[in-house]
Amino acid sequence: MTAFFQLLFQGIALGCIYALVALGFTVVYRASKVINFAQGSLLLVGAYLVSVLATGLNLPFVLAVIAAIALLAAGCAIFQMMVLQRVLGQPVFVLVMITIGLSIVIDAAIPAIFGGNARILGDPWGASAVHVGGVTFNWVRIWTVLCTALILALYFVFDRFSRYGLAMRATAADEEAALAVGVPVRRVYALTWAIAGGVAVVGGLFLAGFPGSVNPSLGNVSLRAFPAIILGGLDSPPGAVVGGITIGIVEVMASGYAPGWLGSDFSAVAPYVVMILVLLCRPYGLFGTRPVERV
Amino acid sequence: MADDLLLEVEELRVTYGSSVLALDGVGFSVPEGGSIALLGANGAGKSTALRAVTGLLRFHGGQVTGGSIRFEGRSIVRADAAALVAAGIAQVLEGRRVFAELTVAENLRVGAFPGRARRREREIREELSELFPILAERADQPAGLLSGGQQQVLAIARALMSQPRLLLLDEPSLGLAPRVVAEIGQALRAINERGCALLLIEQSTALALRATKHAYLLETGRIRAHAPTAELLADERVRASYLGAPAVLGRPEALAR
């Protein structure tokens, strides 16, 4: 039973990171129908930013994180305005290709600048942990869960109650109609990219926390988070959360309980198995939108 | 006379892509507080004219290649859509286009996004609820669950939330029962009486007759005729051409004035 709770906790913590990756994806996709293939690379940038600010410039860790969030959010918004808005009116496919290009550039630039070796994150937690009834709670994972909960809460309050949150939902529902009633749609797109950049920093830093490190392969997490996004529904932020945490738990549980004959890396496959099973029953994902229609 | 013009379109040429000419020298104007109909059959260029005025052409891959559009005397050919709404031009797109997943109240709040409407949002909403009681009754329901007529009312109210000087409507009577069209006509007259100018784009004559004083007939990218609405629609040749009756079909030059 102890082992179960240990795995459950680790699964939830991993799931929180997936949820943050998936949230970054869905916020951009919902508004503009652009699948942002660079989201994983943004996590990579986020982790390096935090590391550089915290260990290179010796900023206090909290300050380093806040500064990294601000920097990457601004960087993403500027990228959206300078690059993506130039091709506005082109098929969405063009924008998707540009995000793939961005991810290639980032994945090549990071090792070129910082070298291929792992860096330390500069976080105050390291491997420290509390033990409750035989279950080990690493501080970095506790903070992963708490910070993810805080960010998700902030996001949902913003989405539901703020003026720009409403503008994001209107743009998602019908871009032309939003333009027609005076919503500055371009500013909304820039905002969704800023949000994607901001959550990428938080996802990236916790991904690089113990037992991981800041290294050039962090961006690969986006492939592992992919089932979470599909599972939840591409255009549903609540789906991103449920999908992310589900996939995190499935992956960790599979690594702990899957019988040997399934192979040693079955935990990497398990999320895809779950994704396929869910899609068989719910083709739009758990929370993906089907159009509201009057019967 | 020119001083009273709210919207003035002259010699407007619009192309889609690199070669498709949609409007070929179209001119029309809306006086301050006036009510104008732009009539024509499918493909005549009515929606294109509306998009040119409201800045949505680029969204559809079109561009103004000649002529001028002035609103309150200033050229607006290059202005973007959001800025035009803020300047006082609101529009109701063809097919209603309410935000189906958002509630009725949220739809109206989106309409109040442009700056100058925000401070008076509650006030405007109360005014509109008097004009359209259904908005208050169903405020918390998703807009997608309203009937077609109710959605049209919501689309009009959403546009009015920005407190426009000019309201453009693209086929608001499309697919609605005659009784509902009559109600919408009445509402548009009320809106017009409160000082908001109307530019109504229509294929059917019923609403144009009810809600507008002056009408232009648009045919394959050109203005063929203009006159007081009742007079224009009483013209046998206009009716025939415009309703697609065989008498004139095939030789539209008979209508040129």
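The values are calculated or read from the model by the stated rules, or taken from the named source; none is laboratory data. Here the structure is a predicted model, which is why all the values come from computation and not from measurement. Neighbour counts are summed over all protein chains in view; Cβ atoms, including those assigned to glycine, are modelled from backbone coordinates with ideal geometry. All accessible areas refer to the heavy atoms of the entire protein, side chains included, with ligands and DNA or RNA removed. Shrake-Rupley method; radii C 1.70, N 1.55, O 1.52, S 1.80 Å.
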Quiz prompt | For peptides A:56-69, A:13-26, B:92-105, sequence by mean Cβ density within 10 Å, most packed first | solution = A:13-26, B:92-105, A:56-69
Quiz prompt | Value in Å of the Kirkwood radius, where region A:113-221 supplies the Cα pairs that are averaged | solution = 16.7 Å
Quiz item: Roughly what percent of Cα-Cα pairs across chain B reach past 35 Å?
Solution: 13 percent
Quiz item: Normalised by the number of residues in chain B, what is the relative contact order in percent for Cα pairs under 8 Å and 6+ residues apart?
Solution: 25 percent
Practice problem: Please work out the Cα convex hull volume for region B:115-244 and give it in Å³ per residue. | Solution: 130 Å³
Quiz prompt | Protection proxy ranking, peptides A:205-213, A:138-146, B:45-53, B:175-183, average beta carbon neighbours within 10 Å, highest first | solution = B:45-53, A:205-213, A:138-146, B:175-183
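For peptide B:127-138, how many partner chain Cβ atoms fall within 10 Å of a residue's Cβ, on average? Mind dumping the intermediate values first?
Working: counts 0, 0, 0, 0, 0, 0, 0, 0, 0, 0, 0, 0.
That works out to 0 on average.
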Quiz prompt | Solvent-accessible area per residue for region B:1-84 (1.4 angstrom probe, square angstrom) | solution = 43 Å²
Practice problem: Pick out, from B:I156, B:F113, B:A143, the residue whose Cα sits farthest towards the positive end of the charge dipole of region B:91-176, with +1 on the Cβ of Lys and Arg and -1 on the Cβ of Asp and Glu. | Solution: B:F113
Practice problem: Work through the residues other than A:E176 whose Cβ is under 14 Å from its Cβ and net out their charges, Lys, Arg +1 and Asp, Glu -1. | Solution: +2
Quiz item: B:R13: net charge of surrounding residues, Cβ under 13 Å, Lys/Arg +1, Asp/Glu -1, itself excluded?
Solution: -2
Exercise. Take the alpha carbon gyration tensor of region B:1-91, find the square roots of its eigenvalues, order them as a ≥ b ≥ c, and report rounded if a/c is under 1.5; if not, report prolate when a/b exceeds b/c, else oblate.
Key: prolate
Self-check item: region A:65-141, relative contact order [Cα under 8 Å, separation at least 6], %
Solution: 13 percent
Quiz item: Using protein heavy atoms only (no ligands, DNA or RNA), what is the total accessible area buried between B and A, 1.4 Å probe, nearest 100 Å²?
Solution: 2600 Å²
Quiz item: In angstroms, what radius of gyration and Dmax does the protein assembly as shown have, counting Cα atoms only?
Solution: 28.3, 94
Quiz item: Mind checking the dipole of region B:6-114: about its Cα centre, +1 per Lys or Arg Cβ, -1 per Asp or Glu Cβ, Debye to the nearest 20?
Solution: 180 debye
